[in-house]
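Asks: The structure follows.
The values are calculated or read from the model by the stated rules, or taken from the named source; none is laboratory data. It should be emphasised that the depicted structure is a prediction, and the values quoted were computed from it without experimental measurement. Positions of Cβ are generated from backbone atoms using ideal geometry, with glycine treated the same way; all protein chains shown enter the neighbour counts. Just so you know, the surface numbers come from the protein's heavy atoms only, side chains and all, with ligands and any DNA or RNA stripped out. Shrake-Rupley method; radii C 1.70, N 1.55, O 1.52, S 1.80 Å.
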Amino acid sequence: MDPSKAEEPHLRHVETDVLIPKMMREKAKERCVQNVEAFNRCCKDAGFFMVFKCREENAALKECLTLHYQDPVFYEECKQEYLREKLEFQQTGIPAKNRKQKIPTSM
């Protein structure tokens, strides 16, 4: 057995095909924020005709997102972050979205 694979925890099908790609989509949108904003602005301004008027912005957004989706280094980053969150959840029982909320300060 390869010792490097022994360290890698087993991921379920839903984790590799749904949860990690979901994290990738969210992070890719953050990295393509200018394209997302341009497309949203165009859609808002064009209204009903956005399908025709925003093709250029949509193509630029798709290109930016696809670039990240196909990057194996980006996938690995998201996978490692997912594994850290999963381990922390197993240890604390608190979901990542609840841990990231700001703790109210006392007055």
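Asks: Considering region 41-64 alone, what residues qualify as being part of a helix (DSSP H, G or I), among the hydrophobic types (A, V, I, L, M, F, W, C) and surrounded by 13 or more Cβ atoms within 10 Å (Cβ to Cβ)? Even if it seems obvious, please write down each step before you answer.
Replies: Filtering region 41-64 for residues part of a helix (DSSP H, G or I) gives 41-53, 55-64.
Checking which are among the hydrophobic types (A, V, I, L, M, F, W, C) leaves us with 42-43, 46, 48-52, 59-61, 64.
Once the filter is applied, which keeps residues that are part of a helix (DSSP H, G or I), among the hydrophobic types (A, V, I, L, M, F, W, C) and surrounded by 13 or more Cβ atoms within 10 Å (Cβ to Cβ), region 41-64 yields 42, 43, 46, 50, 60, 61, 64.
Asks: Also, I was wondering about something else. Any chance you could count how many residues in region 65-107 are open to solvent by 60 Å² or more (accessible area, probe 1.4 Å), aliphatic (A, V, I, L, M) and modelled with pLDDT of 95 or more?
Replies: Looking only at that region, the number is 2.
Asks: Within region 32-40, can one find any residue that is of a type in the set (D, E, K, R), open to solvent by 90 Å² or more (accessible area, probe 1.4 Å) and at pLDDT 95 or above?
Replies: Yes: one or more hits.
Asks: Six or more apart or on different chains, Cβ atoms under 9 Å: show the pairs whose first residue is in region 69-93 and among the β-branched types (Val, Ile, Thr) and whose second is surrounded by 11 or more Cβ atoms within 10 Å (Cβ to Cβ).
Replies: 92/99
Asks: Out of curiosity, is residue 36 assigned to a helix (DSSP H, G or I) and touching a Lys or Arg at 6+ places or on another chain (Cβ under 9 Å)? First the steps, then the outcome.
Replies: On the way: assigned to a helix (DSSP H, G or I): yes; touching a Lys or Arg at 6+ places or on another chain (Cβ under 9 Å): yes.
Yes; evaluated as a whole, the condition is true for this residue.
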